[in-house]
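Q: Take this structure, written in structure tokens, and hold onto it; I'll ask about it next.
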Amino acid sequence: MTLPRPNDFEEFERVTLAALAQRWQSPNLQKNGRKGQKQAGVDIYGVDEIGRPVAIQCKNYAQAPKLALIKKEIANAGAYKGKLGTLYIATSADHDSKLQQEVRLLSEARVALDKFAVAIIFWDEIVDGLALNPQVMKNFYPQIHLPAPTHVNKERLLAALELGYYGSFLWDYIELIYGEVGWMAQEDTDQIEVILRIVERRVIQLLDDADQAVIGKSLGKVRVGCNKKRKSQKSWHRVEDHAKRIATRVKAATTFLDVAEGNALGVGMSLGTVYLHADDKPKKAARDDIQARIAALAPGIDAETVAAAFRKVRSKRAGYQWAPPIYTSTERQIRSLPA
């Protein structure tokens, strides 16, 4: 079916933000300022599914924008303060092959000059993002009721949650435990071996043979590097390279998992991001989004229990204090699902 396009540009921005946050599993994607403020050609900014800085300019047009307008928005984004890997032009128009080719060639030429890339996102791709989460779809289109899966494999769901939480941030955990902060806190370095085993087991459970082989080899290199008695700077660089290679594979795994498992992986990644990279707990909109995604993970997840877990950590200020209790509560909820 064809969903009605938003009537105004502000509603289109909200729909686009929600859809791309689902598509990229990026809970920190946010609007850039408000109406009337200078935005430097950027309506939404944040990171994509593998952590690259992105910006989105929204165009609620019935017809696809012309290349001249794309170039104008690129020039505007040149004033954006901050690192930018790709500028996306999001439009409520239908696909246009001629424009896609023009933008693709323009982007390739820019990248060759070490400038940020450019891409265009059309309406049906935005709808696909909304459809990844039935609750998010319902927020904008209450008349649409997406069918929830009648049965989920809770072991695979749990595996996806753990893989997102640990596998996506392996180098961050190594830095936390072996780095200066870890030494100050006298962290137990055996924790890394536990995390490596979790990642190893969940990769075997969820991913195909090719990914298992690549990740398994890198896990071996990480394990050897961490267990060396004398660790040089060079050996740590090798550990970092392999840990980040694992993270890249894990973050791309949503392509190969079903919707429920992909959502669980995304929730794990979102909570891991807050725990390891956010000084403060997420803003209310981001907390509400994470809560809704957890409640929608599977039939049998009790929305009130999820809400109670969020209320319990309401007083927490720091991200590292807020995220672990939510992760533990989510893990328990999945374990309590019927077999």
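Q: Under a 5 Å amide H to amide H cut-off, with H placed in plane at 1.01 Å, what residues pair with ALA318 once short-range neighbours are removed?
A: LYS281
Q: Please arrange SER92, SER329 by counting, for each residue, the other beta carbons lying within 10 Å of its beta carbon, fewest first.
A: Going from least to most buried by this count: SER329, SER92.
Q: Please say if the stretch 113-170 is rounded, prolate or oblate, where rounded means a/c under 1.5 for a ≥ b ≥ c the square roots of the C-alpha gyration tensor eigenvalues, and otherwise the choice is prolate for a/b larger than b/c and oblate otherwise? Before the final figure, lay out the partial values.
A: Working: a/c = 3.37, a/b = 1.12, b/c = 3.02.
Judged from the Cα gyration tensor, the stretch 113-170 comes out oblate (a/c at least 1.5, b/c at or above a/b).
Q: Right, another one. Using unit Cβ charges (K, R positive; D, E negative) and no other charged atoms, how large, in debye to the nearest 20, is the dipole of the stretch 145-289 about its Cα centre?
A: That gives a dipole near 500 debye.
Q: Which value results for Rg/Rh of the stretch 9-140 when Rg is the Cα radius of gyration and Rh the Kirkwood radius based on the inverse mean 1/r?
A: With Rg and the Kirkwood Rh in hand, the quotient comes to 0.94.
Q: Could I ask something else about it? Projecting each Cα onto the charge dipole of the chain (Lys/Arg +1, Asp/Glu -1 at the beta carbon, about the Cα centre), which of THR189, GLY41, GLN143 comes out farthest on the positive side?
A: Going by the Cα projections, it comes out as THR189.
Q: Which of GLY129, GLY272, GLY82 moves most in a GNM of the chain, Cα contacts under 10 Å?
A: Result: GLY82 has the largest fluctuation of those listed.
Q: Per 5 Å bin from zero, what fraction in whole % of the C-alpha pairs of the stretch 231-318 is there, up to the bin with the longest pair?
A: Values per bin, smallest distances first: 3, 11, 17, 20, 16, 13, 10, 6, 4, 1, 0.
Q: For the chain, with only Lys/Arg (+1) and Asp/Glu (-1) charged at the beta-carbon, what is the dipole magnitude about the Cα centre, in debye rounded to 20?
A: The calculation lands at about 900 debye.
Q: On to the next question. What ranking do MET137, MET269 get, fewest neighbouring Cβ atoms within 10 angstrom at the top?
A: Fewest to most other Cβ atoms nearby, the residues stand as MET137, MET269.
Q: Need one number for the chain: average projected area of the convex hull over its C-alpha atoms, nm².
A: Over every viewing direction, the Cα hull of the chain projects on average to 19.3 nm².
Q: Pairs of alpha-carbon atoms within less than 8 angstrom and 6+ residues apart define the contacts here; what relative contact order does the stretch 9-140 have, in percent?
A: Relative contact order for the stretch 9-140 comes out at 25 percent.
Q: Would you kindly derive the ³J(HN,Hα) couplings of the stretch 317-333 from the backbone phi angles with the Karplus curve 6.51 cos²θ - 1.76 cosθ + 1.60 (θ = phi - 60°), listing them in order in whole Hz, with x for Gly and Pro?
A: 9, 8, x, 6, 8, 7, 5, x, x, 5, 4, 4, 5, 5, 4, 5, 4
Q: Still on this structure: Suppose the chain between GLU155 and SER232 were pulled fully straight at 0.36 nm per residue; how much longer would it get relative to their current alpha carbon spacing?
A: 23.8 nm
Q: I would also like to ask the following. LYS217: which lysines have alpha carbons under 18 Å from its alpha carbon, excluding same-chain residues fewer than 8 sequence positions away?
A: List returned: LYS228, LYS244, LYS251.
Bear in mind that the values in this text are calculations on the coordinates, not laboratory data. The model shown is predicted, which means the values in this text are computed figures rather than measured ones. Every residue, glycine as well, gets a Cβ built from its backbone with ideal geometry; the counts of neighbours run over all protein chains shown.
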